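Q: Dumping the structure here so I can ask a few things about it.
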Amino acid sequence: MAISIWVLLSILPIAVAFTFLVVLRKKAIISMGFGWIVASLLGLFVWRMDFAWWGTTVVYGGLQASEIIITIFGAILLMGYLERSGALGTIRWHFTTIHRDRRVQLLLLGYGVITIIEGVAGFGTPAALVAPLMIGLGFPPLAAAVFSLWFNAPNPPFGVAGIPTLHGVGSVIVDVLPGGMEQEFMDGVVRWVGVFTGSAYVLWGSLAVFFMLYWFGKAGQGRGRQALRGTVEILPFALVLGLAAGGTTMVMARFFGGELPAITTGLVCLGLGLFMAQRGILMPRNVWEFPDVALWDDVWRGGLSQERLVRTEPQKNMPVWMGWLPYLAVASFLFVTRLPALGIVDWLQQFTVGMTNLFGSELSFRVRPLYVPGFLPFLPVAIMTGWLHRVPLDGVVQVWKKTGRQVLPAAMTLIVAVSMAQIMIQSGTNFSGQSSMIHTLSTVVASAAGNALPMVTPWIGVLGAFMTGSNTSSNILFSTLQYQAAEELGLSRTIIVALQSTSGGIGNLISVLNVAAIAGVTGISGREGDVIRKTVVPLLIYGLGAGLLGLLLVHVLVPSLF
C-alpha cells in the first residue's frame, strides 16, 4: 500500500472526531465515540493489531484517564464547597474591590493566578480552578472556558516544576544523544523554550483582551472597531504584564533551569498587577463590562439557564483571608511538595497503585495517588473548607451529589478519548509491519517539510497534545523524531526540540481531553465544540508565530547543530 494511503488512513480517526465535534457540533462523547470506532476498525483490520492487544490497549487508555478524572472531581468538589459556604461570593467581592473592569480581572487571573497554578500543579488544574472562579465573577461560561485555556497555553512546558520539558523530553532524548551530552543539550532546550514562551507572553494578554471584547462585547456593527478601541485603552497595562511575564520566563529559564519559570512568572505578574491596579497605575478610564445576562445567547451560557447565571451584587460573607484560604492552602501545598530541592516529590511518588503487565502484555498502569492533585490537596482541602466555613450536613451532601453529576459526562468523554489515542499510539504493534498511526503521520510530515521544518514542528507537537491531552506525552512521542529530522537537515537540534516542547503545550488549546475537562468543571458539558471553535484562533496565532520565530532562529540567527 502506498505511503500516501497510510497517511490518509492514519488521520481519519482525528478527522472524523474533529468533524463531528466542531463542524456538526455534536457532543464530545459522541464525536470521540465515532473517532474511537474508526480507530478500532483501522487498528484491527488495516494495521492488523492482535485482537487481545487491541483490547488491552482500550482498557489501558481508559485507565489512563483516571488521574485527570480524579483531578476534575477534586476541583469541582472544592468549588462546590466554596460556593455553598459563601466563600466564592467573598472572593468575587474582593476582586471587584481591586478593579471592576473585566479586562483588568482577565489579565490578573491569566498572567498571575493561572500561571502560578500551572507552575505548581499542571494536569489541567489551572483551568479547573480558575474557570469556575471567572464564572463566579460574572464571566459568561463560554468565555471562562475559552480564556482559562487561552492563558494556560504558554505555560505547560515549564509546568509542574518543568516536568514536560525536563522529563518528557529528557526521558527519550538520551537514546539519540552522543555520550555525555545530555545535560548540555537539555540546558539548551530549556533556554530556547524560555525564548519561545517568553516571546509569546508579551502580546498574549493583549490578544486575549481583544478577542474577549470582540466575541463577548455588545452585538452590532463595528464590533471589530469597538474591540480595538477597548484593547487600546488597556494596552499599556497589558503590555507591562506581558513584558514582565516574558522577561521573567526568559531570565529564569536561562539562569535557573526549568523547574521554576512558571511559578516565578506568575508570582511576579500577580504582585505587579495587584500593585498597579490598587494604585490606579495605567488603569483604563472607562470600566468595561459584559452585556447584561439577559442578552447572553445560549452559546455564551454554554446551555446553562439564565436563572443559574443571574448574580446579585457580590457580598462579603466572611473575612477575605478566610475566603481565599482554600486557594492559598492548595497553592502552598503544591508549591512546597513540588520543589525538587526539598525531596518531597520523590516521597509522594513512591506510593503507587496499579497493575504490571496488564492482561499479560508489556503495558503497565500506575497511579501515584499522593501525587495526583485531585487526591492531595483538593480532597482534604475541600473537606477542611466545609468544616472551617461551617457548611451544614445537608449542604455537604448536596455538594457531593452535584459534583458527581457534573463529573460523570466529562469522565465518560475522557475515557473514550484517551482510549482512542492509545489505539492510534499502540497500533505500531501489529502484523502488517507498518508504523503506528501517530508515527506514520508525524514521520511523513517531518520528511516532507525539508528546511521549512520549524514551520511544521509546532503542528507535530500540537498533534501529540491533541491526541493525548498532555505536553509531557507529546514530548515523549515526538522529541526523538524532531531531533532526528533536525539532524538530517543540519538544523539546530536544541531549537527544534524546544519548539516541539513549546507546541506540545499550546496543543492543549484544542485537546479534547482538556476541553472536555474544562467543560465538565464549568458545567457546560456537551458544548466542547463551541469552546474549540474559539480556542483554535489562539492556536493558529501561536503556532504560526512560533514557527516563524523558529525559522528565523535556525536559518539566520543560530545556524548551528546544537
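The values are calculated or read from the model by the stated rules, or taken from the named source; none is laboratory data. These numbers were taken from a predicted model, which means no experiment stands behind them. Glycine gets a Cβ as well: all are built from the backbone with ideal geometry, and neighbour counts include every protein chain shown.
Q: Report yes if residue 55 is small (Gly, Ala, Ser) and surrounded by fewer than 21 Cβ atoms within 10 Å (Cβ to Cβ), otherwise no.
A: yes
Q: Which condition number does residue 148 fail, the rest of (1) at pLDDT below 90; (2) closer than 25 Å to residue 284 by Cβ; (3) not charged (D, E, K, R) being met?
A: That leaves (1) as the condition not met.
Q: Give the stretch 353-381 a look and list any residue that's under 17 Å from residue 331 (Cβ atoms), touching a Phe, Trp or Tyr at 6+ places or on another chain (Cβ under 7 Å) and not in a helix (DSSP H, G or I), or say none.
A: The answer is 373, and nothing else.
Q: On to the next question. Give the residue that is farthest from the chain's Cα centre (by Cα), with candidates limited to residues of the stretch 131-154 that are of a type in the set (Phe, Trp, Tyr) and in a helix (DSSP H, G or I).
A: The selected residue is 147.
Q: Can you give me the number of residues within the stretch 25-66 that are touching a residue at least 40 places away in the same chain (Cβ under 8 Å) and part of a helix (DSSP H, G or I)?
A: The number of residues fulfilling the criteria is 25.
Q: Right, another one. If you go through the stretch 35-43 one residue at a time, do you hit one that is of a type in the set (Val, Ile, Thr), within 27 Å of the chain's Cα centre (by Cα) and closer than 18 Å to residue 405 by Cα?
A: Checked the stretch 35-43: no residue is of a type in the set (Val, Ile, Thr), within 27 Å of the chain's Cα centre (by Cα) and closer than 18 Å to residue 405 by Cα.
Q: Consider residue 45 carefully, then state whether it is farther than 18 Å from residue 413 by Cβ and among the aromatic types (Phe, Trp, Tyr).
A: Taking the combined requirement at face value, the residue satisfies it.
Every residue, every condition in (1) surrounded by fewer than 19 Cβ atoms within 10 Å (Cβ to Cβ); (2) in contact with a strand residue (DSSP E or B) (Cβ under 7 Å, 6 or more places away or on another chain); (3) of a type outside the set (S, T, N, Q); (4) without any contact (Cβ under 8 Å) to a residue 60 or more places away in the chain, yes or no:
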{"site": "178", "(1), (2), (3), (4)": "yes, no, yes, yes"}
{"site": "200", "(1), (2), (3), (4)": "no, no, yes, no"}
{"site": "225", "(1), (2), (3), (4)": "yes, no, yes, yes"}
{"site": "230", "(1), (2), (3), (4)": "no, no, yes, no"}
{"site": "237", "(1), (2), (3), (4)": "no, no, yes, no"}
{"site": "250", "(1), (2), (3), (4)": "no, no, yes, yes"}
{"site": "255", "(1), (2), (3), (4)": "yes, no, yes, yes"}
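Q: Only residues that are among the aliphatic types (A, V, I, L, M) and in contact with a Ser or Thr (Cβ under 6 Å, 6 or more places away or on another chain): list them for the stretch 88-117, please.
A: 117
Q: Turning to a different aspect of this structure: List the number of the failed condition for residue 452; all other conditions in (1) farther than 26 Å from residue 183 by Cα; (2) within 25 Å of the chain's Cα centre (by Cα) hold.
A: Of everything listed in (1) farther than 26 Å from residue 183 by Cα; (2) within 25 Å of the chain's Cα centre (by Cα), residue 452 misses just condition (2).
Q: Take residue 518 and tell me if it is modelled with pLDDT of 80 or more, assigned to a helix (DSSP H, G or I), more than 24 Å from residue 421 (Cα to Cα) and among the β-branched types (Val, Ile, Thr).
A: Here the answer is no, as residue 518 does not meet what is asked.
Q: Do we find that residue 487 is acidic (Asp, Glu), in contact (Cβ under 8 Å) with a residue 12 or more places away in the chain, touching a helix residue (DSSP H, G or I) at 6+ places or on another chain (Cβ under 8 Å) and more than 30 Å from residue 33 (Cα to Cα) in this structure?
A: Against the criterion (acidic (Asp, Glu), in contact (Cβ under 8 Å) with a residue 12 or more places away in the chain, touching a helix residue (DSSP H, G or I) at 6+ places or on another chain (Cβ under 8 Å) and more than 30 Å from residue 33 (Cα to Cα)), residue 487 qualifies.
Q: Inspect all residues belonging to the stretch 552-559 and state whether any of them is of a type in the set (A, V, I, L, M, F, W, C), in contact with a Ser or Thr (Cβ under 8 Å, 6 or more places away or on another chain) and in a loop (DSSP other than H, G, I, E, B).
A: Yes, there is a match, as at least one residue in the stretch 552-559 is of a type in the set (A, V, I, L, M, F, W, C), in contact with a Ser or Thr (Cβ under 8 Å, 6 or more places away or on another chain) and in a loop (DSSP other than H, G, I, E, B).
Q: Could you please find all residues in the stretch 397-429 being buried (at least 17 other Cβ atoms within 10 Å of the Cβ), at pLDDT 90 or above and more than 21 Å from residue 476 (Cα to Cα)?
A: Correct list: 399 only.
Q: While we're on this one: One residue is enough: does the stretch 82-92 have a residue meeting the conditions part of a helix (DSSP H, G or I) and within 30 Å of residue 357 (Cα to Cα)?
A: no
Q: If you don't mind, there's one more thing I want to ask. Please specify each residue of the stretch 322-341 satisfying the condition of being loosely packed, with under 12 Cβ neighbours inside 10 Å and either more than 22 Å from residue 381 (Cα to Cα) or among the basic types (Lys, Arg) (or both).
A: Selection gives 341 alone.
Q: Within the stretch 460-470, is even one residue buried (at least 24 other Cβ atoms within 10 Å of the Cβ), of a type in the set (Ser, Thr, Tyr), within 23 Å of the chain's Cα centre (by Cα) and within 27 Å of residue 200 (Cβ to Cβ)?
A: Yes, because at least one residue in the stretch 460-470 is buried (at least 24 other Cβ atoms within 10 Å of the Cβ), of a type in the set (Ser, Thr, Tyr), within 23 Å of the chain's Cα centre (by Cα) and within 27 Å of residue 200 (Cβ to Cβ).
Q: Test each condition in (1) over 21 Å from residue 482 (Cβ atoms); (2) aliphatic (A, V, I, L, M); (3) crowded, with 24+ Cβ neighbours inside 10 Å for residue 169 and report the one that comes out false.
A: Going through (1) over 21 Å from residue 482 (Cβ atoms); (2) aliphatic (A, V, I, L, M); (3) crowded, with 24+ Cβ neighbours inside 10 Å one by one, residue 169 breaks only (1).
Q: What's the number of the only condition in (1) among the basic types (Lys, Arg); (2) closer than 26 Å to residue 27 by Cα; (3) part of a loop (DSSP other than H, G, I, E, B) that residue 390 fails to meet?
A: Condition not satisfied by residue 390: (2).
Q: Residues that are among the basic types (Lys, Arg), in a loop (DSSP other than H, G, I, E, B) and out of contact with any Phe, Trp or Tyr (no Cβ under 6 Å at 6 or more places or on another chain): does the stretch 403-419 have at least one?
A: So far as the stretch 403-419 goes, no, none of its residues is among the basic types (Lys, Arg), in a loop (DSSP other than H, G, I, E, B) and out of contact with any Phe, Trp or Tyr (no Cβ under 6 Å at 6 or more places or on another chain).
Let's see how each residue does on (1) touching a Pro at 6+ places or on another chain (Cβ under 7 Å); (2) within 19 Å of residue 155 (Cβ to Cβ); (3) charged (D, E, K, R):
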position: 508; (1), (2), (3): yes, yes, no
position: 513; (1), (2), (3): no, yes, no
position: 520; (1), (2), (3): yes, no, no
position: 534; (1), (2), (3): no, yes, yes
position: 538; (1), (2), (3): no, yes, no
position: 546; (1), (2), (3): yes, yes, no
position: 549; (1), (2), (3): no, yes, no
position: 553; (1), (2), (3): no, no, no
position: 557; (1), (2), (3): no, no, no
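Q: With the condition kept exactly as written, say whether any residue in the stretch 502-510 is more than 16 Å from the chain's Cα centre (by Cα), small (Gly, Ala, Ser) and part of a helix (DSSP H, G or I).
A: No; the residues of the stretch 502-510 include none that is more than 16 Å from the chain's Cα centre (by Cα), small (Gly, Ala, Ser) and part of a helix (DSSP H, G or I).
Q: Here are 378, 359, 431: which of them is in contact with a Lys or Arg (Cβ under 9 Å, 6 or more places away or on another chain) and among the aromatic types (Phe, Trp, Tyr)?
A: 431
Q: Restricting attention to the stretch 526-542, does a residue exist that is modelled with pLDDT under 85, under 17 Å from the mean Cα position of the chain (by Cα), assigned to a loop (DSSP other than H, G, I, E, B) and closer than 23 Å to residue 64 by Cα?
A: For the stretch 526-542, residues modelled with pLDDT under 85, under 17 Å from the mean Cα position of the chain (by Cα), assigned to a loop (DSSP other than H, G, I, E, B) and closer than 23 Å to residue 64 by Cα: absent.
Q: Of all residues in the stretch 356-371, which are modelled with pLDDT of 85 or more and among the aromatic types (Phe, Trp, Tyr)?
A: Answer for the stretch 356-371, where residues must be modelled with pLDDT of 85 or more and among the aromatic types (Phe, Trp, Tyr): just 359.
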